[in-house]
Structures are given as C-alpha cells and as structure tokens.
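The numbers here are math on the coordinates, done by the rules we state, and not lab data. The shown structure was predicted, so the numbers you read here are calculated from the model rather than taken from an experiment. With ideal geometry, Cβ positions are generated from the backbone for all residues, glycine too; neighbour counts draw on all protein chains shown.
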Amino acid sequence: MSAPDPFIVSIDVGSSSVRALLFDSSARRMEGYGAQVPYRIHTTPEGGAEVHPEALAQLAIDCLDELHRQIEAAGFRVAAVAGSAFWHSFCGVDAKGRPTLPILHLLDTRSGDQVARVPNAHARTGCVPHSSYWPAKLLWLAANRPDEFRATHSFLSFPEYLFLKLLGSPRASTSMVSATGLWDQNASDYDPETLAALPIRREQLADPALLDQTEDQLLPEYRALWPAFAQARWFPALGDGACNNLGSGCLTPDRAALMVGTTGAMRLVSDAQSKLPPGLWRYRVDQSRIVTGGALSNGGDVYAWMKRNLALPKDVEARLEAARPGTHGLTMLPFFSGERTPYWRADLRASITGLSASTEAFDILRAALESVALRFREIYCLLTAPWGAPTELIASGGALLHSPAWTQMMADAVGRPITICTETEASCRGAALWALERLGIIHGIGALPASTGATFTPRPEYQAAYQELLSRQNQLYERIFG
C-alpha cells in the first residue's frame, strides 16, 4: 500500500491578517482546513506603523495550532511548511532572541527625513531610496530609539523571527533579503556602499551562505505540541509579492500580475536581468527568478478607509457599475500613506479638489477608486517599456475579488483586459508551489497552472474620460507637491 499524498502547510503573514492553510500535492487548497486571524497595525499621526513581533508570532502560532488540530484529526501527512510574508519590514532581537524593537512596517513613513542619507544604489539593489526599506528605517531607529538600537544583536524580517521562535535559529530566503534595500542583486551579497552608510555591522544581518536553507526540527516545546508537523521540512518564507505571482500563474514576462490587497502592486517574473526603468523596483523570487514591478502604498486600504468613514449607500456596487468616470467633478490623490511608484515620497498625503454642496459620499468613493486605478495605469506604462505589453494581465487580491466594479475600473483605466485569478489565496498557493518544486514533488511551478475566471474588457467609450482624469490628477500633484 503506497504512502498517502503529502500535504503542504502554507502560512501567510499579511498586513491585515495571518492565516495558515493546507494544500495537497497538486497545489489545491483543502477546503475546510485552515485558520485566519485579522489584526490591525498600530498607526500614529506622525506616520508610524508598528506591530509587536511577539504578538504577531502568537497569531501565527494560534493559526498553526488550529490547523494542526484539523490535520491530526484527518491523519494527513505533512511534507513541508512554507510561508509568505510582507516584504521590507523588520524587527530587532537581543543575543537571546528576545525582541528589542517593534516590527516597523513598510508603511511606516517616519524615516522620510533619513532617506536623503541613503546612497542611491537602485541599479544594484533594485530599491529606490525610500522609507519603505531598511536603510532609512535603521538610520531613524539609531537617531530616535538609541537605547533599543544599541541593545539589538540582530536585525530580522518577521519570518526570520518566527523561525527563530519555533525552530531555534533564524532562516531567511533570498526573496526576503532581496527586498531590504541592502542586497546587491547582481553580486548576490550585501551592497558595500549601502552598509557603509549605516550604523550596523554585517554580522547583524542574515548570513548569505545560509539563505533558503530549511530546518527539519522544531524546538521540543513545539514538537510536543504539533506531532503532525514533526517530520515536515520548514522552508523560509518568501516575499508575499513573489508568492502572489507564483500562485496566480504569472511566471513569465508575458503574464503580469495586478494585486490589490491592503496595498497594491503590478509585477512580472523573469529569469534574466534587463535594464531596470527608473521608478520601478526589482527583487528576487529565489536565486534563479527575478520579479520586477511597481508598488502602491495605497490600495485596498483606500476603499477600506472610505467604508469606515463615509455613509455609503447600500447599493454601492451596483451604482459603481452604472457610473460614468469623472462625472462627479472631483480630482483626488489617494496618498493616505505616502506613495511609492513612481514618486517614492513618504511625505505625500491624500488630497481632493472639486467638492461642492452637491457632492455625495458616493462621489468621493468613486473618485478615490478611480484615482487608485490611475496609479496602476502609471505603473503599467513603466513596466511595459522594457518588455512590451503582456499577453495577459491577471488580477488577484481581496479588494478586487470583492468588487467587480472596481476591477472594471482598473481595466478601463489601464486600457487592457484584466482576467480574474480565481485562486482566492494566491500568495499561500505560491508558497506551497515553491515548496512542492523544491521537494521535487512537481517538476516546475508552471506544471500546475492557476485557475482563472471572468475577463474584464476596457470600454472604448471611457478611454478619453480616464485620460482626462489622469491629466487632472497629474496637474493637481504638480500644484500641491511640485
């Protein structure tokens, strides 16, 4: 009698929730198995965005605990635990592995004043100097939290901290390190010029020789707690954007991914270097795959802000589907959390003009969603310059999946058909696929294509209206921010 098919546990640590899901050896999500816990990042008026690493780790442990209970009851064999996590953020620990610093999220803009002191190594690191990345944040911490900074023995991404807590040693992936702003993509090592500008030592960072290595032995406490995970290989987590591309089937330059979750991004994966256009970033999926794209600090969180603070009509989705673009007379810049591509400025803030006594809450919502869609149009134009227009544009992320009307806006604004990825947990699936490939269970990630659904075709009659909206948006930006 043959052994049962192995299963993959996939943990995803996003910006608004933590989840642990189960996938079979064909990267199909096992319905009825999994756990998810929402959380809120602590934000401050001066631009802070923090979460305590121990609190976030406990959420991950709680999710794993619940999933383990389900797996143990079913008698499944777990071959590996893989992961996906938000890029760029980090925390600090002392020599005993205890947290010395909170996790500074990528949306934390307090280090904006330090960006000018970061060398512009964009051609090497793939990262434009910006408050999203480690260099500016490290300089800010040294200046504003000197005692905690001096007490820090190692600087870790959150997945490394979770690895340390569960398995006794931190493990980083090439994917996570490549998005720090410290990593020379060409040399596959830390960038000497960037390190020289920072008050840290190389040995406080992940060892390049140990990147992507797995661990097979949980610490005794967790081995006793989770016997069904005891024989599994634990893979270091990849960046969530890389996993999203893998999970949605966007593996080559002719298939670009458009993701709208809390933030937003448009990305494509390639296996060869090309010239990196100004304004875009470039990280790694792994040592052989490159991911290039643009990112928005303001994505689904803009819609979420509108829902929290405006008295919107109950039939909002139907009204969005019926509305014509720009007829509200408003112009909006959706920069609630600064902005990345193409401006890379932490000081930007949301602005709206054209309000009148007849303006309704629905008008403000529509202007906000159109403004985010136009930000994706800007990224699309930059991204297609070196590769040409992709054959397909695949959309994922909860913000779009829950609003077909906004997806249609995206297609109209970008001027390209957009196909929905029906893999509801694309990032978790991408992490599971990568583990299946590394284990040799599948010959390549492309062997298991993602499922897709409806395609939204741009409406020709709205193209001129979106062009006018973009022109007004750019004019407003110039008037306010220069």
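Hey, rough spin-label estimate for N120 and A230, points 7 angstrom out along Cα→Cβ, what's it come to in nanometres?
5.7
Debye sum, Cα scatterers, segment 6-240, no solvent: what log₁₀ I/I(0) at q = 0.12, 0.18 1/Å?
Log10 of I(q)/I(0), two decimals: -0.66, -1.33.
Considering the options G261, G14, L156, tell which one lies farthest towards the positive end of the dipole of the chain, charges being +1 on Lys and Arg and -1 on Asp and Glu at the Cβ, about the Cα centre.
Final value for the positive-end residue is G261.
Return R29, R223 ranked ascending by Cβ neighbour count within 10 Å, so the fewest neighbours appear first.
Starting with the residue having the fewest Cβ neighbours, the order is R223, R29.
Where both partners of a DSSP beta bridge lie in segment 6-240, what percent of those bridges are antiparallel, to the nearest 5?
Among the beta bridges of segment 6-240, antiparallel pairing accounts for roughly 70 percent.
How high is the relative contact order of the chain? Use alpha-carbon pairs under 8 Å, at least six apart in sequence, and give a whole percent.
This gives 15 percent for the chain.
Please determine, in degrees from 0 to 90 and to the nearest 10, the orientation of helix 404-414 with respect to the longest principal axis defined by the Cα atoms of the chain, where the helix direction is its Cα long axis.
Tilt relative to the chain: about 70 degrees.
Can you find, among A95, A116, S175, the residue farthest towards the positive end of the dipole of the chain? Put +1 on the C-beta of Lys and Arg, -1 on that of Asp and Glu.
A116
State the answer as a single residue: which of G247, P129, L139 lies farthest towards the positive end of the charge dipole of segment 99-255, with beta carbon charges of +1 for Lys and Arg and -1 for Asp and Glu, about the Cα centre.
After comparing all options, I get L139.
To the nearest 20 debye, what charge dipole does the chain have about its Cα centre, counting +1 at the Cβ of each Lys and Arg and -1 at the Cβ of each Asp and Glu?
Value, rounded to 20: 500 debye.
Which lysines have a Cα less than 22 Å from the Cα of K96, not counting those fewer than 8 places away in the same chain?
K165
Out of residues 5 or more away from S337 or on other chains, whose amide H comes under 5 Å of its own, with H placed 1.01 Å from N in the peptide plane?
none
Quote the charge dipole size of segment 312-360 about the Cα centre in Debye, to the nearest 20; the model charges only the Cβ of Lys and Arg (+1) and of Asp and Glu (-1).
140
Want the number for E54 to A357: 0.36 nm per residue separation, take away the alpha-carbon distance, what's left?
Stretched fully, the E54-A357 segment lengthens by 104.2 nm.
Can you pull the one-decimal nm distance between simple spin-label points at K307 and A389, each 7 Å off the Cα toward Cβ?
3.3
Suppose every K and R has +1 on its Cβ and every D and E has -1 on its Cβ; what is the size of the dipole of segment 6-240 about the Cα centre, in Debye to the nearest 20?
For this selection, approximately 40 debye.
Output the 0 to 90 degree angle, nearest 10, between the alpha-carbon long axis of helix 463-481 and the longest principal axis computed from the alpha carbons of the chain.
80
Quickly rank 125-133, 139-147 as a protection proxy: mean count of other C-beta atoms within 10 Å, highest first.
Top of the packing list down: 125-133, 139-147.
Calculate the spin-label point distance for A447 paired with S288, positioning each point 7 Å from the Cα along the beta-carbon direction, and give it in nanometres.
1.3
Show the residues, 5+ positions off or on another chain, whose built amide H is closer than 5 Å to the amide H of H130.
A136
For segment 41-62 and segment 300-319, what is the centre-to-centre distance using only Cα atoms, to the nearest Å?
25
With a ≥ b ≥ c the root eigenvalues of the C-alpha gyration tensor of segment 102-210, is it rounded (a/c under 1.5), prolate (a/b larger than b/c) or oblate?
Oblate, because a/c is 1.5 or more while a/b does not exceed b/c.
When a/c reaches 1.5 or more, the comparison of a/b and b/c decides; with that in mind, is segment 146-256 rounded, prolate or oblate per its Cα gyration tensor?
Oblate.
Note the angle between two axes, namely the Cα long axis of helix 426-439 and the longest principal axis of the Cα atoms of the chain, as a number of degrees from 0 to 90, rounded to the nearest 10.
Tilt relative to the chain: about 40 degrees.
Taking K275 as the anchor, which lysines have their alpha carbon closer than 24 Å to its alpha carbon, excluding any fewer than eight residues away along the same chain?
Partners within reach: none.
Any chance you could run the full-extension gain for V37 through L210? It's 0.36 nm times the residue separation minus the Cα-Cα distance, nm to one decimal.
59.2 nm
In whole Å, what is the distance between the alpha-carbon centres of segment 418-482 and segment 262-294?
Segment 418-482 and segment 262-294 have Cα centres separated by 14 Å.
At 222 nm, what helix-only mean residue ellipticity would the chain give, in deg cm²/dmol to the nearest 500, using -39500 (n - 2.57) for each DSSP H run of four or more?
-10500 deg cm²/dmol, from helical runs alone.
With a 10 Å Cβ neighbour count serving as the proxy for reagent exposure, in which order, fewest first, do E193, E423, E66 appear?
E193, E66, E423
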